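Novice: Take this structure, written in C-alpha cells, and hold onto it; I'll ask about it next.
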Amino acid sequence: MNVWEFLTTNLILDLSIISWAIAQVLKGLIILIRERRLNIARMLEGGGMPSSHAAFVCTCATAVGRMYSWGSPLFAIAAVVAIVVMYDAFNVRRAAGEQAKVLNYMIHHLEELDPDEFGKELKEFIGHTFPQVVAGAVLGILVGWLGCEWFAFS
C-alpha cells in the first residue's frame with residue numbers, strides 16, 4: 001500500500017491537495033510574519049500569496065506530464081485547465097475584488113444609506129496579483145515534480 005493512499009488513492013490528486021494545503025499554510029505564515037498576528041480565516045479563504053489555485057492546478061499538470069509524458073493528451077488537458085484557472089485568478093477574480101473594494105467604500109461612506117440594508121460586506125480578497133499566481137505556479141510545479149520523483153518513480 002502506497003503511503004499516499006490514505007487521501008484519495010490517486011497520486012496526482014493527492015499531490016494537488018498537498019500543494020493546495022502548503023500554499024494555504026504559507027499564506028498564514030506570511031500574514032503572521034508581516035502583521036504579527038495569526039489569521040486562521042485568511043488561511044481558509046481565496047486570494048493572497050501564494051495562489052493556492054495556481055499551486056493546485058500546476059501540481060496536477062506537472063504530475064500528469066511527468067507520469068504520462070509531456071506530449072500526452074492528458075497533459076494538454078491539464079495544462080489548458082491550469083492556464084484558464086490562473087488567468088481567471090489573476091484577471092476576472094482580481095477585478096471582482098477591486099470592484100468589491102469600491103462598493104464597500106461607497107457603502108461605508110454614504111451616511112444617508114443604511115449599510116445593513118445591503119447585507120454583509122463583499123469579499124475583497126478573491127483574486128490574485130501576478131506575483132501571487134507565479135508563486136503558486138512555482139510551488140505547484142515543485143510539488144508535482146518532486147512528488148512524482150519521490151513516489152511514482154521510486
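Novice: Out of the residues in the range 1-14 that are surrounded by fewer than 14 Cβ atoms within 10 Å (Cβ to Cβ) and assigned to a helix (DSSP H, G or I), which is modelled with the highest pLDDT?
Specialist: Result: Phe6.
Novice: Quick one: is Phe90 in contact with a His (Cβ under 7 Å, 6 or more places away or on another chain) and in a helix (DSSP H, G or I)?
Specialist: Yes; evaluated as a whole, the condition is true for this residue.
Novice: Filter the range 52-68 down to the residues that are over 15 Å from the mean Cα position of the chain (by Cα) and β-branched (Val, Ile, Thr) and list them by number.
Specialist: Across the range 52-68, the qualifying residues are Thr62, Val64.
Novice: Another one. Go through (1) without any contact (Cβ under 8 Å) to a residue 12 or more places away in the chain; (2) closer than 19 Å to Leu11 by Cβ; (3) assigned to a helix (DSSP H, G or I) for Ala63 and report which single condition fails.
Specialist: Among (1) without any contact (Cβ under 8 Å) to a residue 12 or more places away in the chain; (2) closer than 19 Å to Leu11 by Cβ; (3) assigned to a helix (DSSP H, G or I), Ala63 violates only (1).
Novice: Just to be sure I understand, how many residues within the range 15-44 are surrounded by fewer than 24 Cβ atoms within 10 Å (Cβ to Cβ) and in contact (Cβ under 8 Å) with a residue 40 or more places away in the chain?
Specialist: Going through the range 15-44 one residue at a time, the tally reaches 4.
Novice: For residues in the range 9-51 being polar (S, T, N, Q) and on the phi < 0 side of the Ramachandran plot, which is nearest to the chain's Cα centre (by Cα)?
Specialist: Ser51
Novice: With (1) loosely packed, with under 14 Cβ neighbours inside 10 Å; (2) among the aromatic types (Phe, Trp, Tyr); (3) within 12 Å of the chain's Cα centre (by Cα) as the list, and Tyr105 as the residue in question, which single condition is left unmet?
Specialist: With (1) loosely packed, with under 14 Cβ neighbours inside 10 Å; (2) among the aromatic types (Phe, Trp, Tyr); (3) within 12 Å of the chain's Cα centre (by Cα) applied to Tyr105, the lone miss is (3).
Novice: Quick check on the range 69-77. Is at least one of its residues assigned to a helix (DSSP H, G or I) and under 14 Å from the mean Cα position of the chain (by Cα)?
Specialist: No, the range 69-77 contains no residue that is assigned to a helix (DSSP H, G or I) and under 14 Å from the mean Cα position of the chain (by Cα).
Novice: Here are Gly47, Gly65: which of them is buried (at least 17 other Cβ atoms within 10 Å of the Cβ), in contact with a helix residue (DSSP H, G or I) (Cβ under 9 Å, 6 or more places away or on another chain) and under 19 Å from Pro131 (Cβ atoms)?
Specialist: Residue meeting the stated conditions: Gly47.
Novice: Next up: Which numbered condition trips up Arg37, out of (1) touching a Lys or Arg at 6+ places or on another chain (Cβ under 8 Å); (2) more than 18 Å from Gln132 (Cα to Cα); (3) basic (Lys, Arg)?
Specialist: (1) is the only condition that Arg37 fails.
The values are calculated or read from the model by the stated rules, or taken from the named source; none is laboratory data. Computed from a predicted model, the values in this text were never measured in an experiment. Every residue, glycine among them, receives a Cβ derived from its backbone with ideal geometry; neighbour counts consider all protein chains shown.
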